[in-house]
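K.L.:
Pasting in a structure now, in structure tokens, and then I'll have a few things to ask.
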Amino acid sequence: IRLPELKKFLARHESFETLEIPSPLNNDKLISVQIIPVDDTQRLFTVKDIAHIKRLEDMRKMFIANVSHELRSPITVLSGYLETFKEIDVEPKELHPALNTMWAQSKRMERLVTDLLTLSKLETKRENGQLDKVDISAMLSSLKETALLLGQGKNHNINLQAESNIGLIGIHDELSSLFANLINNAVR
């Protein structure tokens, strides 16, 4: 064994300790090494690739940091307005701009939470989801109507140009979520 840190690890014989090292044969792999005592003279030596687990952990940490940052802004706006409302007397008509801003920020938080739940569901979903031919034209037509409703009063020009026989092999709900997210972001 040519890895000095692995040699030291094996020499220590400490129970249930784990060592994580890069694979000496493949830079894309991260190896987890563990020694488990079986009895006084025997040890069980396990080695497994944990690169995918590390990547998921890193993605989760980054995602949580980003979402925390994104949620902080709308919460600050809502808290500021609510604190102001507690301290002053104003006419209901004067509240409309602030209430509209608070409503928009609450919708932003709602979208973030929805995205979190969707990502969590996709991350934990089995890979053997049912693949079907999805009628993309019909899906996009439906999503266009939703986009028109969402964009009311914003002077948007929303057009759809799609051949009627366009289809994709995939999971209907996931493709719909993907296109809806892109369209909703564009309208907003």
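K.L.:
On the accessible surface of the chain, probed at 1.4 Å, how many percent belong to carbon and sulfur atoms?
P.N.:
Values: 7870 of 14510 Å².
Roughly 54 percent, rounded to a whole number.
K.L.:
Which order do the peptides 80-91, 45-56, 170-181 take when ranked by the mean count of other beta-carbon atoms within 10 Å per residue, highest first?
P.N.:
On the way: 80-91: 9.8, 45-56: 12.3, 170-181: 15.4.
Per-residue Cβ counts within 10 Å, averaged per peptide and sorted highest first, yield 170-181, 45-56, 80-91.
K.L.:
Give the distance, in whole Å, between the Cα centre of segment 22-101 and the Cα centre of segment 140-164.
P.N.:
Answer, in whole Å: 34.
K.L.:
Continuing with the same structure: Sticking to Cα atoms, compute the Rg of segment 41-155 to one decimal and its Dmax as the biggest Cα-Cα distance, whole number, in Å.
P.N.:
Computed over the Cα atoms of segment 41-155, radius of gyration and Dmax are 23.0, 83 Å.
K.L.:
Compute the semi-axes of the equivalent ellipsoid of segment 8-81, taking the square root of 5 times each eigenvalue of the Cα gyration tensor, and list them largest first in whole Å.
P.N.:
42, 16, 8
K.L.:
Send over a whole-number figure in Å² for the accessible area per residue of the chain, probe 1.4 Å.
P.N.:
77
The values are calculated or read from the model by the stated rules, or taken from the named source; none is laboratory data. Predicted, not measured: the structure shown is a model, and the values here were computed from it. Don't worry about glycine lacking a Cβ; one is built from the backbone with ideal geometry, like all the others, and counts go over all protein chains shown. Protein only, heavy atoms only, side chains kept; ligands, DNA and RNA dropped before computing areas. Shrake-Rupley method; radii C 1.70, N 1.55, O 1.52, S 1.80 Å.
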